[in-house]
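Below: one structure, written as structure tokens.
The values are calculated or read from the model by the stated rules, or taken from the named source; none is laboratory data. Treat the numbers as computed from the prediction; the structure is a model and nothing was measured. Methodologically, a virtual Cβ is constructed for each residue, glycine included, from the backbone with ideal geometry; neighbour enumeration extends over all protein chains shown. To get the accessible areas, we keep the full protein, side chains included, count just its heavy atoms, and leave off ligands, DNA and RNA. Shrake-Rupley method; radii C 1.70, N 1.55, O 1.52, S 1.80 Å.
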Amino acid sequence: MVKDRFLMFVIFPLFFLISILSTVFICEHISLIPDLGNKEYLFIVIAITSIYFLNLQWVRRKSKYIIILIANILAIEILLQIAALAGIIPGMRIMWRTPFGRSYHSAEGFSNGFMNRQGWHYANFDADSTAHRIALIGDSFIEAHEIPTKKHLGVRLESTFNSKNPDDPFYRVSALGITGAGPAQYLEILKFGYRHLKPETAIVFLFLGNDFSNSLHEAESNMRKPPVEYIYYTLDDSGELALLPGSEKAREDLFDAMESNYSLSPGQLVKTGFGYILLPQIVGNVFQKIRFMLKKNKHLQESADEVEQDFNRIGLAFDAFIFRQPVDSTGEKAYAIVEKLMLKMQRFSEQKGIDLIFVTIPHFPEVFFRNQTGANWSMVYNNYDFLSPENRLSEFAASQQLTFWKTGAWLQESGMTVEDVQSLYFLDGSGHLTPKGHALFAKFIGERLQFHFRRKQAFHIAETPEQ
């Protein structure tokens, strides 16, 4: 009798609830339905629980079949957990942004771990109030699920600073990266970083591959999200920056998602627990890959442009427009929005006493590696210039007295060969940063930061009046 009640009032309702929530998650994951909020999920939980207990007689009649179904699904889940532990589930991107949420990545490189206490894919943040705190802000390059967190450029940077400057205050580097984010999200992450970490220095990484199309709602993309799910800005009649109607909800949702990770509430713990169930996430990954492949192949058939095809192979199907020369009206608007967002970040940083630095992450398409060799390489191909966004933003930053560091130009001027560049990125040079890439970016940033700090210190000393 006790066993029967335990099945009927605990195991079965929990199974139905997880099954329905998993189905909803999969539909969200492949964009069949909009992303739901906490209120919608709470409504689903109440509705499913109510329906279940209103149909207890039917459940009792089908209990044997339900037990068999549960046993089979549980067996599959156990096998998947073993396979994940062994690192043999290929092509997966599982990232659960909750405190201690699951992270499993085998699409590029490999990592199998969990998020930190605040829900970021990075080492636990150090709250040392005496440290010089540095915040790294960016997209999937900074979230870096492809590598173990101990190989992250931020961890390397912190280690380098603390070992080479033993007499200086300790440095603490935190990485705040969100996959799929763009400059509009970087602004909100910067505000979040100030609220919780109070960094003296913030470094915003601009990925030249898709940060421009991510900033422009009109830009074509086979992965474009509606404004209620993604933050977009536009230009008003006077040419000033304005939040696109509908993006207010996306901004509020991002704020709530980041802030809620600072409370280990029962709801957050339930989310974390759900994230460790692999079956729905793997099903969602598979459907998403099928959807992406269908759209990608359709675009490959429609486009004869070799560069566009190369971009499409890694999911940047409609992002090549920003590299075309001359820049068209779409590109000009994208530049204007990104530049104004940079100014918005700078104004916020000045108000809060944050030293803001912009750093580029260049993108190298397949066509670059097919047509370039040795150390004397060029980023110009036909009517495309893959360093043009970096150069243009650099000129804008100089005109506005923004600190801006160009890694593309540095790679080109440092004498690195094409083969060296290719080793810095996964997917044969066109993906995310490899551990070697993280190490090199940490070296690049570390050298410039040391010079930057010395120069600022000298400037402050020179400004101090004699006593």
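Numerical summary
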read-out: Once the Cα gyration tensor of segment 376-416 is diagonalised, semi-axes √(5λ) in Å; value: 21, 14, 5
read-out: Per residue accessible area in Å² of the chain, where ligands, DNA and RNA are left out and the probe is 1.4 Å; value: 48 Å²
read-out: Helix axis angle, 153-164 relative to the chain longest principal axis, alpha carbon, degrees; value: 50 degrees
read-out: 13 Å beta-carbon shell around Thr373, net charge (K/R +1, D/E -1); value: -1
read-out: Normalised alpha carbon radius of gyration of segment 348-443 [divisor 2.2 N^0.38 Å]; value: 1.20
read-out: Percent accessible area from carbon and sulfur atoms, the chain, protein chains only, probe 1.4 Å; value: 59 percent
read-out: Isotropic mean projected area of the C-alpha convex hull, segment 206-261 (nm²); value: 4.8 nm²
read-out: Rounded if a/c under 1.5, otherwise prolate or oblate - segment 105-207, Cα gyration tensor axes; value: oblate
read-out: Alpha-carbon Debye profile of segment 167-297, log10 I(q)/I(0) at 0.10, 0.16, 0.19, 0.22 Å⁻¹; value: -0.46, -1.09, -1.31, -1.39
read-out: Net +/- balance of residues flanking Thr234 in space, Cβ distance below 11 Å, scoring K and R +1, D and E -1; value: -2
read-out: With DNA, RNA and ligands ignored, accessible area of Val45 (1.4 Å probe; Å², nearest 10); value: 50 Å²
read-out: Dmax and Rg, reported as Rg then Dmax, of segment 46-131 (C-alpha, Å); value: 19.8, 65
read-out: Normalised contact order of the chain, rounded percent, pairs of Cα under 8 Å and 6 or more residues apart; value: 15 percent
read-out: Which of Ile26, Phe444, Ser213, positive extreme of dipole for the chain (C-beta unit charges); value: Ile26
read-out: Distance between segment 76-125 and segment 212-257 - C-alpha centres, whole angstrom; value: 29 Å
read-out: Value of relative contact order over segment 222-291, rounded to a whole percent, pairs C-alpha under 8 Å and six or more apart; value: 21 percent
read-out: Size of electric dipole in segment 82-221: Cβ of Lys, Arg +1 and of Asp, Glu -1, about Cα centre, debye, nearest 20; value: 480 debye
read-out: Surface/4 estimate of mean projected area, convex hull on alpha-carbon atoms of segment 1-151, nm²; value: 13.0 nm²
read-out: Unit charges at the beta carbon, dipole of the chain: most positive-side option, Ser63, Gly154, Asn371; value: Ser63
read-out: Charged-residue dipole, Cβ positions (Lys, Arg, Asp, Glu), the chain about Cα centre, Debye nearest 20; value: 2060 debye
read-out: Cα-based Kirkwood hydrodynamic radius, the chain, one decimal, Å; value: 24.2 Å
